[in-house]
Amino acid sequence: MLWSILKRAPLIIGLGLLAFIMSSCTMLGLNYASLETDNKPEAMPQIQAASFEDWAAGRAELKEAFETHIYGPWPSGLAVSFGETRRVDGALGALGVLEETPITLGTGEGARTFHLAVAYPAFAPAGGVPVVIGQTFSSNCSAFPAAALTSPGGTLCDGDPMGGAIGVVGRYIFGEYIAEVPVEQYFRQGVAYATFYASELVPDSASVAPDILAGLTGEDGIAPTGALMAWAYGFSAAADFLEKDDRIDPDRVAVFGHSRHGKAALLAGVWDEGITAIISHQSGYGGAASSRSTAGEGIRRMTNGGRLTPIGPAMPGYPHWFDPAYASYAGRLDELPVDQHQLLALLAPKPVFLGNGRRDVWSDPNSTFRMAEAADRIYKLAGAAGLDQSGMQDFNPAGDLAYFLRPGGHGTDQRDITAFLAFLDAHFGGPPLSQGQGSIAAEH
Ligand code: GCU
């Protein structure tokens, strides 16, 4: 009996492995996003507005619908205060200056403080330089390795947490710029770069986040119920800080996030009028991809987790990113009163970059393009260029819905950075920026 089982072991293991690969192709980045969009369902609910004024009149109600059914409330009026700014001497050499400021959201026991690191190019035109505010998975110690910034534990960074073997593997899988900021490339284009660690504001943990969110009470006792909204509010607080800085041009403030932070970047762009451009890279489900699409992650996996195979390890879900109402739409998505083309349309006429990887089907590049196609109508009504490209592979950085698709999977690599910079150049161009091009800012 035992022998007959042992004899079959290679077959059983082989079949198990096959089942594992087949059931996880999308998550493991082994298949390719379809480039065909005409044969897919139309974006629903249809956008009906006849003019931009008509659309603008319904904006508040639509934002409220997104809050009620997906993201939970924007904590309007939640107190924001800024601590003392500290200069991190010599961190960027002759290229520019690195500073760090603690930002506190809320008051009393529930208040949360995170550190915003800001790299200013030495090139300092009158009127200030544009800025990108990034939000990341790893701490500021990895964003600017070697700089004596404050670690999430409150002590000074002691080396790069992405410096060892984990970092090598992480960069191999998720790209060389998954954590580190290529600051020299931004400076060469005359752009300042600010960054913060989202988990320092609200930990990315389903067990810890809900209590912390409840402590962040804004006007009328309204607290966020989803981490994405709180992280988006963090973007907004950082933008408030930078808009008061005369080294920064307040009319050219972009937010950047990858994946879950790309979702938060979209929300920040909708709820904070002062943010002028959005770089939302591989934001996927709950971001720019359709909630009704079945190609990628899907609502059950996102809000409730799943298993790699019927016998494989459990995968965590991310219920804490959303209001609990969202999970209740599993199995009845046709009843969800909104979809993500409307979220993109709420950004009109602001320029938005939507980054995608052809093998990152988990983030659903196909439905992301279709959402942009459906939102384009409102951009055009607003007199903006909108989605000004003929298909998923025809990236036009000057479009206001600039959809970018590169080969490869989920991560941030040089191809992405080059595309972000092309988008920033197209939308934030102008005299101070063009003076900064072509040579290192510090040389001016
Ligand atoms: C998971 C999650 C995605 C998310 C991604 C990320 O894969 O399922 O929704 O975008 O993590 O943040 O990298």
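Coordinate-derived values only; no laboratory data. Values in this document were obtained by computation on a predicted structure and should not be read as measured data. Backbone-built Cβ (ideal geometry, glycine too); neighbour counts: all protein chains shown.
Annotations for the structure displayed:
- Counting all C-alpha pairs of the chain, share separated by more than 37 Å (%): 23 percent
- Solvent-free Debye calculation, one equal scatterer per alpha-carbon of the range 350-418: log10 I(q)/I(0) at 0.13, 0.20, 0.22 Å⁻¹ equals -0.34, -0.76, -0.89.
- Beta-bridge orientation, the range 49-443: approximately 45 percent antiparallel, per DSSP, counting only bridges with both partners inside.
- Sparsely packed trypsin sites (Lys or Arg not before Pro) within the range 169-268, loop by DSSP, other Cβ within 10 Å at most 10: Lys244
- GluC sites (Glu not before Pro) restricted to DSSP loop in the range 216-291 with at most 12 other C-beta within 10 Å: Glu273
- Residues Cys141, Cys25, Cys157 arranged by fewest to most Cβ contacts within 10 Å: Cys25, Cys157, Cys141
- A helix-only calculation puts the chain at -10000 deg cm²/dmol for mean residue ellipticity at 222 nm, using -39500 (n - 2.57) for each DSSP H run of at least four residues, averaged over all residues.
- With neighbour counts taken as other beta-carbon atoms within 10 Å, the residues Ile133, Ile299 rank, fewest first, as Ile299, Ile133.
- Arranged from fewest to most other beta-carbon atoms within 10 Å of their beta carbon, Ser81, Ser51 become Ser51, Ser81.
- Distance from the range 256-303 to the range 168-211 (C-alpha centre basis), Å: 16 Å
- Whole-number percent relative contact order across the chain, with pairs defined as alpha carbons under 8 Å at least 6 apart: 20 percent
- Think of each Lys and Arg Cβ as +1 and each Asp and Glu Cβ as -1; about the Cα centre, that makes the dipole of the range 260-308 roughly 400 debye.
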